[in-house]
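Here's the structure we're looking at; comments come further down.
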Amino acid sequence: LGIGLLAACRSHAPVADGPAEGTAVHFPEASKASLKEGIYPDVADLRRFAPGMSKRQLYTLLGTPHFNEGMWGVREWNYLFNFRTAQGAEYFT
């Protein structure tokens, strides 16, 4: 669930349809995040995310991005999401 949603949030292609065929998705190093510990997103908010949403709508669901992608003309935003496992306090990012 988490990996598919994360991939939907990140694209190198200049169109809203997703990555161009053959384009690898690349995430920045977690150590470069402004919010090093990441967040535990509400899964319901992740399900509300859809291509074509405005920056303001995305910020309402997920907050501001955790990496420095710029201010204007940005077409991708990166986040560090933590998801709990079935092992209680264990999680993956």
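Every number in this text was worked out from the coordinates using simple rules, so none of it is lab data. Everything quoted here is computed from the prediction, not taken from an experiment. Note that we place each Cβ from the backbone using ideal geometry, even for glycine, and neighbour counts take in every protein chain shown.
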How many nm separate the modelled label positions at N68 and T85, each set 7 Å beyond the Cα in the direction of the Cβ?
3.4
Write down Rg/Rh for segment 22-93, rounded to two decimals, with Rg from the C-alpha atoms and Rh from the Kirkwood relation over Cα pairs.
0.98
